[in-house]
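Just below is one structure, and these are the notes that go with it.
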Amino acid sequence: MKTATILQRTAVDDFYGDVLKGLTASPKYLQSKYFYDATGDALFQQIMHLPEYYLTRSELEILSGQTRDIADALGATPFNLVELGAGDASKSFYLLKELHRRNPEQAYYPIDISENIINHLQRTLPAKLPGLQVQGLRGEYMDMLKAMDYLSARRKVVMFMGSSIGNFTPDEAVKFCRKLREQLQPGDLLLIGFDLRKHPRTILDAYNDRRGVTRDFNLNLLTRINRELKADFDINQFDHFPVYDPISGACKSYLISRADQTVQLGDHSIRFKKDEPVFMEISQKYSLDETRQLAAAAGFRPVQYFFDEKRWFTDVLWELAQTHNCL
Ligand SMILES: C[S@@+](CC[C@H](N)C(=O)[O-])C[C@H]1O[C@@H](n2cnc3c(N)ncnc32)[C@H](O)[C@@H]1O
């Protein structure tokens, strides 16, 4: 297999339509998958290094400290490693390195909506791990996973790290995991990362860092809308406002309009009231029981848990349950 990229062009029309739909809804919202342009990617990489953002450190501890155990758990039968929302793959790199040591022709399929990220991985990974087969798939998680069926029939191990499952509400997460299961065959595995419930202050601080990088990350979506959709947001007129509800486990980020204002988006004038929120992103936290319930509801069976020392985070290996009541 040659190093190559499969591209799904996200039409500007989709972006425009989704933004218009969100900003004319009540309450207003924007979809967090649009955070990731080149600036958004760079800001997220800064977030990963923030002292408050424990998620990356916790998961890195798992992937760098238990690499061999994880690789053993994936089994000896050759497989394609598929990563949903790979980002810079800085954590999964530890596992990739170990798999490449065991099989120098290991195949890796990073899926990401960011073209910038896919290009970066295509460029850098084969240089770091010569022989590694890298095929980037730029597009939506599920579309690209379906596209894989045309590329290879080999067994799949799918990684969904960084607690990206938390960017769905619990109901959406069940639907997403059920769709994921439909794409998998017996023998395939899913390695999925969950940010576990912990002291609410620790969680809230992770989304409200003192340097304001998470604020900039949220505001960057308005800048992207200005640039790509010819809108005229004044980003100084919006505040970043994260909240965490320790009962539901939902951490939600909002932008709050600092004034009565009107923003032009194409032919549409969007009015914001002073103090009006725009919902930006959910980062759902899970108890271990809640992760088990999600697995059962979506037709998976947890086979092995990997924890960091503080047990703040878990990467869990799920296999397909033999039978379940939702298919
Ligand atoms: C929070 S980052 C996590 C990156 C990496 N998995 C990690 O743990 O560090 C989420 C990544 O998923 C990608 N992404 C977000 N929504 C997506 C979608 N709907 N389809 C494909 N990729 C998506 C983003 O571009 C970004 O690189």
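The values are calculated or read from the model by the stated rules, or taken from the named source; none is laboratory data. Everything numeric here is computed off the predicted structure, so don't read it as measured data. For neighbour counting, all protein chains shown are included, and Cβ atoms are generated from backbone atoms with ideal geometry for every residue, glycine included. What goes into the accessible areas is simple: the full protein's heavy atoms, side chains included, and nothing from ligands, DNA or RNA. Shrake-Rupley method; radii C 1.70, N 1.55, O 1.52, S 1.80 Å.
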Exercise for the section: Take every DSSP beta bridge whose two residues both sit in the chain, then give the antiparallel share in percent to the nearest 5. Expected result: 60
Practice task
State, as an integer percentage, the relative contact order of the range 119-255 based on alpha-carbon contacts under 8 Å between residues 6 or more apart.
Solution key: 17
Practice task
Return the FRET efficiency for the residue pair ASN103, ASP171: r is the Cβ-Cβ distance, R0 is 56 Å, and the value is rounded to the nearest 0.05.
Solution key: 0.90
Exercise for the section: Could you provide, to the nearest whole Å², the per residue accessible area of the chain with probe 1.4 Å? Expected result: 46
Handout entry: Förster-model FRET efficiency, 30 Å R0, GLU182 and SER90, C-beta, rounded to 0.05
Key = 0.50
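Roughly how many percent of the accessible protein surface of the chain is carbon and sulfur, given a 1.4 Å probe and a whole-percent answer?
Exposed carbon and sulfur together represent 49 percent of the surface.
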Exercise for the section: Kindly provide log₁₀ I(q)/I(0) values, in the same order as q = 0.25 Å⁻¹, from the Debye equation applied to equal alpha-carbon scatterers of the range 29-124. Expected result: -1.37
Handout entry: ARG301 versus GLN264: modelled label distance in nm, points set 7 Å from Cα along the beta carbon direction
Key = 6.1
Completion exercise
Counting only DSSP loop positions in the range 265-311, the GluC sites (Glu not before Pro) whose Cβ has at most 16 other Cβ atoms within 10 Å are GLU309
Practice task
Beta carbons within 10 angstrom, averaged per residue: use that to sort the peptides 185-193, 21-29, highest first.
Solution key: 185-193, 21-29
Practice task
Excluding residues fewer than 8 places away in the same chain, name every one of the lysines whose C-alpha is closer than 19 Å to that of LYS285.
Solution key: LYS33, LYS175, LYS198, LYS252, LYS310
Practice task
Please list the equivalent ellipsoid semi-axes of the range 142-272, computed as the square roots of five times the alpha-carbon gyration tensor eigenvalues, in descending order and whole angstrom.
Solution key: 35, 23, 13
Practice task
Report the normalised scattering of the chain as log10 I(q)/I(0) at q = 0.11, 0.16 Å⁻¹, calculated by the Debye formula with identical scatterers on the alpha carbons.
Solution key: -0.72, -1.47
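For a quick protection proxy, order the peptides 96-102, 161-167 by their average other-Cβ count within 10 Å, most packed first. Could you put the intermediate results ahead of the total?
Numbers: 96-102: 18.1, 161-167: 21.9.
Taking the mean over residues of other Cβ atoms within 10 Å, the ranking is 161-167, 96-102.
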Problem - Cα-Cα pairs of the range 50-93 separated by more than 13 Å (percent) - result: 64
Problem - 5 angstrom amide H check on LEU265, placed H, neighbours 5+ away - result: ILE270
Fill in the blank from the handout: Placing each pseudo-label 7 Å from Cα in the direction of the beta carbon, GLN31 and ALA73 end up separated by a distance in nanometres of 3.2
Problem - For the chain, calculated [θ]222 nm from helices alone, where every DSSP H run of n ≥ 4 adds -39500 (n - 2.57) - result: -11500 deg cm²/dmol
Problem - Length-normalised contact order for the chain - Cα pairs under 8 Å, 6+ apart - percent - result: 21
Practice task
Using only the Cα atoms of the range 194-327, each taken as one equal point scatterer with no solvent, compute I(q) by the Debye sum, divide by I(0), and report log10 of the ratio at q = 0.10, 0.19, 0.20, 0.22 Å⁻¹.
Solution key: -0.50, -1.02, -1.08, -1.22
Handout entry: Projected area averaged over orientations for the range 186-255, convex hull of C-alpha atoms, nm²
Key = 7.9
Handout entry: Degrees between helix 92-102 axis and first principal axis of the chain (Cα, 0 to 90, nearest 10)
Key = 20
Problem - Residues listed by number, the range 262-283, amide nitrogen under 17 Å from ASP239 label point at 7 Å toward C-beta - result: 272-280
